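What follows is a set of notes on a single structure, which appears directly below.
Readers should treat all values here as calculations from the given coordinates under stated rules, not as data from a laboratory. Please read all numbers here as calculations on a predicted model, not as lab measurements. Every residue, glycine among them, receives a Cβ derived from its backbone with ideal geometry; neighbour counts consider all protein chains shown.
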Amino acid sequence: MADIDWAVPDPRRAANAAEFVAEMRRLRAWSGLTFRQLERNAASAGDVLPHSTLVAALRRDRLPREDLLRAFTRACGCDPAEVAEWMEVRRRLAAALAEPPPTPETPSSALATAAEEHTGGGGHRAGAGSKRARRIRGWPSVPVMLAVLGSLAAVLVMPGSAVRVPSGPAARQEATYGGCRLPLMMGAYGPCVVRLQERLRLRGLDLPVDAWYGPYTKMRVAAFQTLAGLPNTGMVDHETWRALEPDGRIVVARMPAAKVRQPIEEVFGDAAAEAIELAECLSTADPLWIFSTEPGVRRWGLFQFTDLELHRAGATQAMALDPEWNIQAAHAVWKRTGDFRHWKCDPTAVPEAASGIR
């Protein structure tokens with residue numbers, strides 16, 4: 001472990017395929033995630049990233065496929081701009097590998113013609129002509145000159161043209177808040193995540209402070225955003241980070257699982273034991289549990305009402321995180337159906353989600 005460079009990975013350091021893959025290996029180490037955790041992160045984002053395929057790709061010194069690189073960088077926690085940067089460097093290296101090597105000591109016909117015209121087209125003044133020709137042969141080749149001109153054109157902005165968007169260190173400086181690069185999202189790891197977790201705890205959202213932005217941290221962020229009236233993306237943008245500042249006024253009054261049982265018993269009466277067992281299966285009896293069983297479908301609170309069910313009931317997601325409302329709504333469903341068949345809880349589903357909680 002002592003020989004690992006923990007500097008932030010940067011694909012622009014790579015001059016060839018082997019160095020690019022080395023930066024990918026550094027990115028995986030920097031993320032702090034195992035290969036199987038990366039596979040799960042990719043799946044939650046709608047990508048396909050088999051851990052065995054990733055292991056094989058990081059052992060080779062060849063450029064990875066574009067789809068694999070995109071899924072890998074997203075799973076590691078890179079934001080869209082960073083993912084685009086990795087993709088752009090990969091395309092540049094791939095194009096360089098595909099280009100045929102230039103023929104050495106071969107001036108272009110245009111330069112040769114210019115040299116001939118400069119010497120008068122004849123053999124007189126051979127000394128001066130050969131001296132000037134040697135100077136011309138020392139000039140850069142046409143492809144190199146075009147590349148230089150293209151770089152200058154990209155930097156110079158003519159009146160009325162679009163302003164070039166800054167990239168690299170300048171853009172990263174602009175995307176920081178309080179020294180942390182935003183947005184923070186699933187897969188992030190480090191001191192900024194520690195600060196986030198500590199601030200969530202100060203707001204009444206209990207979670208371990210382990211420096212890893214895993215499923216549990218994402219859930220707590222989404223709960224805070226929902227109760228604060230912010231877009232509940234589960235990612236920490238500038239607005240969410242500001243709302244979590246130490247002088248913020250939003251504090252979540254969270255009901256511990258042990259106290260959840262009492263209102264369930266009061267509402268469900270003789271069916272309380274079965275209702276408590278169901279709540280523990282669905283949400284670990286956590287009123288702020290937000291869980292996705294399939295892409296695009298989120299379930300909220302103790303009895304895990306979906307967004308569609310909340311919409312039909314005229315309720316909000318914040319209401320669903322209120323244990324009293326959630327218990328009353330569940331009791332209304334139970335009373336209408338006469339049993340608990342409305343819910344189908346797979347006992348292995350929640351433990352699988354909780355296995356990523358550290």
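Over all distinct Cα-Cα pairs of the stretch 179-243, the Kirkwood formula returns a hydrodynamic radius of 11.3 Å.
Peptide packing for 324-331, 266-273 was compared via the average number of neighbouring C-beta atoms within 10 Å per residue; ordered from the highest value, the list is 324-331, 266-273. If I take every Cα pair under 8 Å that is 6 or more residues apart in the stretch 257-354, average their sequence separation and divide by the length, what percent do I get for the relative contact order? 23 percent. Here the Karplus curve 6.51 cos²θ - 1.76 cosθ + 1.60, taken at θ = phi - 60°, turns the phi angles of the stretch 267-272 into couplings of 7, 8, x, 5, 8, 5 Hz, with x standing for Gly and Pro. Each of ARG201, ARG299 was scored by other Cβ atoms within 10 Å of its Cβ. Listed from fewest to most, they are ARG201, ARG299. Peptides 300-306, 79-85 ranked from most to least packed by the mean count of surrounding Cβ atoms within 10 Å: 300-306, 79-85.
What percent do you get for the relative contact order of the stretch 211-256 when only Cα pairs under 8 Å and 6+ apart count? All intermediate terms of the calculation are to be shown ahead of the outcome.
Details: 25 pairs, mean separation 12.8, N = 46.
28 percent.
In a reduced charge model with +1 at each Lys and Arg Cβ and -1 at each Asp and Glu Cβ, the stretch 11-96 shows a dipole moment near 260 debye about its Cα centre. Distances between every pair of Cα atoms in the stretch 211-352, grouped in 5 Å steps from 0 to the bin holding the largest one, split as 2, 9, 19, 22, 20, 14, 8, 4, 2, 0 percent. Among ASP47, ASP67, sorting on how many other beta-carbon atoms sit within 10 Å of each Cβ, with the fewest leading, yields ASP67, ASP47. Model label points for GLU265 and ASP247, set 7 angstrom from Cα along the Cα-to-Cβ axis, are 4.5 nm apart. The spacing between the stretch 5-70 and the stretch 209-238, judged by their C-alpha centroids, is 25 Å. Normalised by the number of residues in the stretch 179-243, the average gap of Cα pairs under 8 Å and 6 or more apart makes the relative contact order 35 percent. At the listed q of 0.12, 0.23 Å⁻¹, the Debye profile of the stretch 11-96, built from one uniform point per Cα, gives log10 I(q)/I(0) equal to -0.29, -1.15. Taking label positions 7 Å along the Cα-Cβ direction at both ASP210 and ARG336, the computed distance is 3.9 nm, reported to one decimal. Among TRP334, TRP343, TRP86, the order by Cβ neighbours within 10 angstrom, fewest to most, reads TRP343, TRP334, TRP86. Fully extending the segment from VAL55 to VAL297, taken as 0.36 nm per residue of separation minus the present Cα-Cα distance, adds 84.0 nm.
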